[in-house]
1. I'd like the full set of residues that are open to solvent by 10 Å² or more (accessible area, probe 1.4 Å), assigned to a loop (DSSP other than H, G, I, E, B), among the aliphatic types (A, V, I, L, M) and closer than 13 Å to I141 by Cα, limited to the stretch 188-237.
2. Can you report the number of residues in the stretch 230-242 which are in contact (Cβ under 8 Å) with a residue 12 or more places away in the chain and either over 16 Å from E49 (Cβ atoms) or out of contact with any Asp or Glu (no Cβ under 7 Å at 6 or more places or on another chain) (or both)?
3. Restricting to the stretch 122-140, what's the tally of residues that are more than 25 Å from L221 (Cα to Cα) and open to solvent by less than 40 Å² (accessible area, probe 1.4 Å)?
4. Take the residues in the stretch 14-70 that are under 24 Å from N213 (Cα atoms) and charged (D, E, K, R), then tell me which one is modelled with the lowest pLDDT.
5. Filtering the stretch 144-187 down to residues that are within 30 Å of L56 (Cβ to Cβ) and open to solvent by 30 Å² or more (accessible area, probe 1.4 Å), which residue is modelled with the lowest pLDDT?
6. Is it true that S244 is under 30 Å from L39 (Cα atoms), open to solvent by 20 Å² or more (accessible area, probe 1.4 Å), hydroxyl-bearing (S, T, Y) and not in a helix (DSSP H, G or I)?
7. Quick check on the stretch 247-270: of everything there that is open to solvent by 80 Å² or more (accessible area, probe 1.4 Å) and part of a loop (DSSP other than H, G, I, E, B), which residue is modelled with the lowest pLDDT?
8. Would you list the helices (runs of 4 or more DSSP H) that sit entirely within the stretch 1-69 and hold 2 or more residues that are free of Cβ contacts under 8 Å to residues at least 40 places away in the same chain and open to solvent by 100 Å² or more (accessible area, probe 1.4 Å)?
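The values are calculated or read from the model by the stated rules, or taken from the named source; none is laboratory data. Note that this is a predicted model, so its numbers are computed, not measured. Here Cβ is always computed from backbone atoms with ideal geometry, including for glycine, and neighbour counts include all displayed protein chains. The area values use the complete protein model at the heavy-atom level, side chains included, leaving out ligands, DNA and RNA. Shrake-Rupley method; radii C 1.70, N 1.55, O 1.52, S 1.80 Å.
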Amino acid sequence: MNKKLLSGPYLMWMIGFILIPLALIVFYGLTDKSGAFTLSNVISVASQEHAKALWLSLELSLISTVLCLLIAYPLAMVLRSRGMEQGSFIVFIFILPMWMNFLLRTLAWQTLLEKNGVINGVLSALHLPNQGLINTPGAIILGMVYNFLPFMVLPIYNVLMKIDDNVLSAARDLGANSTQVLVRILLPLSLPGIVSGITMVFVPALTTFVISNILGGSKILLIGNVIEQEFTRGSNWNLGSGLSLVLMIFILISMALIAKYDKNGEGTVL
């Protein structure tokens, strides 16, 4: 009986903040303004405007995810080699910017990249030509990598720290070189962390609209921007919810990948 009472607040939280909002999205996404059932809101993702925004979102999120992985894996290996105490401190320093508001972090990059910003100011002082950095896909990718990189580093680092050093020593004793140890031991054993990191970066990068609004100057529309505009400007909750249902497909795929490759939760950041 006590266990049921203790689980009560969590059940109410799940119902109020997870199930009900999801039910509302499904309801609005599958109905029109009169409340009649329709699939037009979901099918509208195939229209030229929405498809262009979706494919651009997929492209930029894939690029940012790959860049995060290329940066995070070597960094996680370096942190592992530093040992638990030094590595934990470096990880703490690394995630320290995450304690600052997400919006402020992105605005800081706007200050750096804008036409009269810090970077162009330094270039001008060095008598070098200014660069058009802001309002470009590259600026959006930079913002994605900066904001989401810790979510790639932490699960990979967490998994690498669980690998027994004796396994690596045994591999070297059997004649394996550094490349073979990496490819045949470290990569397979760290796969849960890699999958978890990819999911934690790709999904928010795919659905973001703040980064593209600030660093893209609202000139580069991603699917997140389209959905946000449907809710806030167009007041078309039905279309916005229908497009959101399409994005949920990618979230379900990512959850399936985590369930397959990280069955024991080894890739979690805690």
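1. I220
2. The total comes to 5.
3. 1
4. Once the filter is applied, the top-ranked residue is E49.
5. L154
6. No.
7. L270
8. Fully inside the stretch 1-69 and qualifying: 2-14.
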